[in-house]
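Derivation of every value follows stated rules applied to the coordinates shown; laboratory data play no part. Model, not experiment: these values are computed from the prediction. Cβ placement follows ideal geometry from the backbone for every residue including glycine, while neighbour counts extend to all protein chains displayed.
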């Protein structure tokens, strides 16, 4: 069979196209398509629960920490914040960032939170930020104390007087800690008040003015909280002295909890869980013959009504 020159040329032109369609498709993209692939930058942090019988799988999954590393005062100050429905851990996290900011240096005046033109403005700016940070830490401690406090102590609340006494002691500790930061906030407010000008920080300047003029007095609020918490502690202490500390019901609960941990939990929390030996000896159905015995019995005779 002879082929013409035009036919051979057409076949030669189509050959590369067919080879392209027949080439296998790569199932993996080359490395440049994965810029997020870690290369020795991961810091593996494993968190495991030591209160359970074994460690759940999700606690061993490593996570990658954020790349943002706070350095200056304003960096830590910007991390402060609370969600609408906050928990004690959220409040403690905010306290950590605010407390870390007190030990950090400030940014260059060009990177401050307001316009700075003179050295006196920069000095007052630092005093105001110290005042506001101490004020926020004091508020955070008051929030923590309110989470462990009760506004009104009713007579039926004394059913859990053991737990209430511990909770009130924790609240009193937080209220007492808040007093120290209030005194620091008052000190820096007085130092910043010596400057006759104001900075472009209206909210913080308002707090400074109210503290100096006595319109914002948290000392009176904290003293009132402490007086109320002492009265509640006296009530719970009198009740527990009369009925026993711990109460018989509470003591029985603690014995049950300790017995659960001593009898059923392994000695090592990270030990591989093993079924109790007597479980393997039990059959799936205890009495198979008795279980299906009703099916072998004849049906009762039909009775007309």
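I'd like the distance between the alpha-carbon centres of the stretch 67-88 and the stretch 132-195, rounded to an integer number of Å.
21
Any chance you could get the radius of gyration and Dmax over the Cα atoms of the stretch 117-254, in Å?
20.6, 69
With labels modelled as points extended 7 Å from the Cα through the Cβ direction, what inter-label distance (nm, one decimal) is found for residue 152 paired with residue 230?
The answer from the label model is 2.4 nm.
If you average over every viewing direction, what projected area does the convex hull of the Cα atoms of the stretch 122-191 give, in nm²?
That works out to 4.8 nm², a quarter of the Cα hull's surface.
Expressed as a whole percent, how much of the Cα-Cα distance distribution for the stretch 176-236 exceeds 16 Å?
53
What list do you get for 156, 207 if you sort them by fewest beta carbons within 10 Å?
Ordered by Cβ neighbours within 10 Å, fewest first: 156, 207.
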